[in-house]
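Colleague: There's a structure below that I have some questions on.
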Amino acid sequence: MDTSTAGTYTAKLTDGPLEGKTITVAFLDSGDPNPRLEIPAESGGKHYVYSRGSGVEFDTEHAGRPSSVSYRFIETVFD
């Protein structure tokens, strides 16, 4: 997938209940990565909150935008 035209990047979840997983996330309208992600749990009834970390990777296909960004676990929120 050519993510430069789709406007997405890979979020790497570095710790917490989703440690080691990656998800595809859309850039903000400004072209920046999201500062915070809220990811619903598969079982429902809760979601996980992750905050942008310092790890950023670039590749030549993204025209100056990151291809992946690391996120750190903040909390679990029960609905």
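The values are calculated or read from the model by the stated rules, or taken from the named source; none is laboratory data. Bear in mind that the values here come from a model prediction, so they are computed numbers and not experimental data. Please note: Cβ atoms are built from the backbone with ideal geometry, for glycine as well, and neighbour counts cover all protein chains shown. The area values use the complete protein model at the heavy-atom level, side chains included, leaving out ligands, DNA and RNA. Shrake-Rupley method; radii C 1.70, N 1.55, O 1.52, S 1.80 Å.
Colleague: If you plug each phi of the range 67-73 into the Karplus form 6.51 cos²θ - 1.76 cosθ + 1.60 with θ = phi - 60°, what whole-Hz ³J(HN,Hα) values come out, in order, with x for Gly and Pro?
Modeller: So the Karplus estimates, Gly and Pro as x, are 8, 8, 9, 8, 10, 9, 5 Hz.
Colleague: Same structure, new question: Can you tell me, using C-alpha contacts under 8 Å and at least 6 residues apart, the relative contact order of the chain as a whole percent?
Modeller: 33 percent
Colleague: Hey, another quick one. For the chain, what is the charge dipole size about the Cα centre, in debye to the nearest 20, if Lys and Arg each add +1 at the Cβ and Asp and Glu each add -1 at the Cβ?
Modeller: The calculation lands at about 160 debye.
Colleague: Can you list, largest first and rounded to whole Å, the semi-axes you get for the range 38-79 by taking the square root of 5 times each eigenvalue of its Cα gyration tensor? Spell out each step's value before the answer.
Modeller: Details: eigenvalues 162, 25, 7 Å².
In descending order the semi-axes read 28, 11, 6 Å.
Colleague: Which far-off residues, 5 or more places away or on another chain, put their amide H under 5 Å from the one on N34, with H placed in the peptide plane?
Modeller: L28
Colleague: Another question, then. Considering every Cα-Cα pair within the chain, what fraction, in whole percent, is farther apart than 14 Å? Can you show the working numbers first?
Modeller: Values: 1825 of 3081 pairs.
That tail contains 59 percent of the Cα-Cα pairs.
Colleague: Summing +1 for each Lys or Arg and -1 for each Asp or Glu, what net charge is found among the other residues whose Cβ lies under 13 Å from the Cβ of D32?
Modeller: Taking every other residue near D32 into account, the sum is +2.
Colleague: Next question. Please calculate how many Å² of accessible area the chain carries per residue, with a 1.4 Å probe and no DNA, RNA or ligand atoms counted.
Modeller: Value returned for the chain: 62 Å² of accessible area per residue.
Colleague: What net charge do the residues around L18 carry, taking every other residue with its C-beta under 13 Å from that of L18, with Lys and Arg at +1 and Asp and Glu at -1?
Modeller: Result for the local shell: -1.
Colleague: For the chain, what % of the accessible area comes from carbon and sulfur atoms, probe 1.4 Å?
Modeller: That share works out to 49 percent.
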